Amino acid sequence: MRLRNTRSSRNVVDQRRAGHRRGAGRTVGATGGLGLLAIVAIGYFLGVDLTPLLDQQGAPRQQTTGGQGPLSPEEQQAGEFAARVLATTEDIWADIFPAAFGQPYRAPALVLFSEATQSGCGGAQAATGPFYCPADRRAYLDTAFFAYLSRQLGAGGDFAAAYVIAHEVAHGVQDQLGILSEANRQRAAASPTRSNGISVMIELQADCLSGVWASRLGDVLEPGDLDEALNAAERIGDDYLQARAGRAVNPHTFTHGTSDQRRRWFTTGYETGDPNACDTFGAARL
């Protein structure tokens, strides 16, 4: 990605170290056991579900910092990268929203944290994956996830990381349109299998909306960027994660969609550039 000449968003709350915050936020220190990124599924958080890797050796680890000391150069770089990517989502969706939906865009904030945090949706740990919380309209990201995505899941490249941020921002788009609240209302009244199916529709729509964002990046895109995003979509597909963990692939338990579905819906958004083409809830085929 060519981000050098792009602006940095001011809508970032950096909670990773005391005294090193962008905006007001609560600094969350490490607690016992959080050096191991406990891989859990929090149904309300619509992020990257790494539950299938729970029992797999080589689960992601990071060093316990206790929230003290300055940010490392790598952490500083990750934070600046996230702020610049977030700015591209703000500019693009501010342009798309009025034309597509007849209302101004309300950009969510992005909270950067280390190991654990508190959100309007409750507590979360890093390996829950990045997530969006409708209760406070914020996206949450432990920037250590970028390294895990690259080293453990084989989804490297800056655009793979940018896709993750754009995906969580897309949940904010869904939230503003009332899609999340209605989907979660239906999930609460549905059987577990049906609830999982609704979750898949939510996630695939966010992938498609991420593709719409990518289609508007223009000169920010570099050769190979789209391949990085598609590879990342493949590596966080439910079927891929279950197979990688040595489990039988069980479609009834999918909550985010298969690798093929995630790639295909991202591509749909990118090729059409139209958020209205992202109606996974009315699609004849997911």
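Compare the peptides 135-145, 213-223 by average per-residue count of other Cβ atoms within 10 angstrom and give them in order, highest first. Each step should come with its number before you reach the end.
Details: 135-145: 21.9, 213-223: 16.1.
Result, highest mean Cβ count within 10 Å first: 135-145, 213-223.
Out of residues 5 or more away from VAL13 or on other chains, whose amide H comes under 5 Å of its own, with H placed 1.01 Å from N in the peptide plane?
Residues meeting the amide H criterion: LEU110, VAL111, LEU112.
Among 184-193, 197-206, 241-250, what's the highest-first ranking by average C-beta atoms within 10 angstrom per residue? Spell out each step's value before the answer.
Values: 184-193: 12.2, 197-206: 22.8, 241-250: 14.7.
Highest-to-lowest ranking by the protection proxy: 197-206, 241-250, 184-193.
Starting from the 7 Å offset along Cα-to-Cβ, what nm value, one decimal, do you get for the label separation of ALA283 and ARG244?
2.1 nm
Read-outs: derived from the displayed coordinates by stated rules, not from any lab. Please read these numbers as outputs of a predicted model, since none were measured by experiment. Here the Cβ is made from the backbone with ideal geometry for all residues, glycine too, and neighbour counts use every protein chain on show.
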